[in-house]
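These notes are about the structure you will find just below.
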Amino acid sequence: MKKKSWQVSISFFILLSLFTIKLNGQQVASAIQFFDYKTIYIGIANPIKIVCTEKFDSISIDNANAVLTEGTLPTNFAKFDIYTVYLGDLSLKIFQKGKCILENKLVARRLPMPKLKLNAEYTPDEITKEHLLQIDSFSVGIPALDFSDFRIVAIKLKFSVNGEYKEQNISGNKVNAYTKQLLDKVDKDTNIQIEWSVKDIRNNENRRYYTSIKMIT
């Protein structure tokens, strides 16, 4: 039997997974790119990209909405945002003229907690004064995820200087010279409390998180 080859790329982020399935007695080969193997996350827009050697006219996903963001159906290439509030297994189907040409199983999980970065490194549990004074900016990331839709809105630092409680507010994510002068005086063996406010760009939401770092030398 003549093989009909479809190449479908669903791009969430980085990891490449190859598999072959059969539909209507024909072998269908596909290459699927995921950041986390076959995983999407609830409560956010999950961007996907679909590329086919022949035109497809629709997709469907159980318990989820697919919003076309680039391309006009029917097409060989389109981008979608996938939204779901349901945890568990989902089925993504791609159709051509009412016939399913590919079905792929996904799983929906909770988005891992974002973590604060000092410069480009995730926040350590302990920090030296030398390292502390090298901080020029704050950012946000999710370990093992290429997820960059969080932006720092404000930072509040809480710390002790000669036994006296201090607070320093930072608008945005940059550390200015005055803030560094204050941090140079932080008491040894005390905790620096960091309250960080972020904006979830894709969902237009503001969130607040807390981090603590121990000053060790």
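Shown for region 115-215 is the translational diffusion coefficient from the Stokes-Einstein equation, using the Kirkwood radius over Cα pairs, a temperature of 37 °C and a viscosity of 0.692 mPa s: 236 µm²/s. I'd like the FRET efficiency for E195 and T39, computed as 1/(1 + (r/R0)^6) with the beta carbon distance as r and R0 of 25 Å, rounded to 0.05. Calculated transfer efficiency: 0.25.
Annotation note: trypsin sites (Lys or Arg not before Pro) in region 145-192 located in DSSP loop regions with a Cβ neighbour count of at most 14 within 10 Å are K185, K188. For region 102-139 versus region 45-72, the spacing of their alpha-carbon centroids is 30 Å. Available extension along the chain between L133 and K180 is 16.3 nm, counting 0.36 nm per residue and deducting the alpha carbon span.
Taking other C-beta atoms within 10 Å as the exposure proxy, M113, M215 rank M113, M215 from fewest upward. Model label points for V161 and D81, set 7 angstrom from Cα along the Cα-to-Cβ axis, are 4.3 nm apart. With neighbours defined as other Cβ atoms within 10 Å of a residue's Cβ, the residues V161, V140, V67 order from fewest to most as V67, V161, V140. In this structure, the residue pairs whose Cα-Cα separation is over 20 Å, taken from K38/K199; K158/K185; K38/K99; K105/K199; K129/K156; K79/K117, are K38/K199; K38/K99; K105/K199; K79/K117. Annotation: aspartates and glutamates with alpha-carbon distance below 20 angstrom to K188 (same-chain offsets under eight excluded): D125, E126, E130, E164, E167. Applying the criteria of a DSSP loop state and at most 10 other Cβ atoms within 10 Å to the chymotrypsin sites (Phe, Trp or Tyr not before Pro) of region 144-187 yields no site.
Each value in this text was obtained by applying a stated rule to the coordinates, not by laboratory testing. Predicted model only: the values in this text are computed from it and were never measured. Note that each Cβ is placed from the backbone with ideal geometry, even for glycine, and that neighbours are counted across all protein chains shown.
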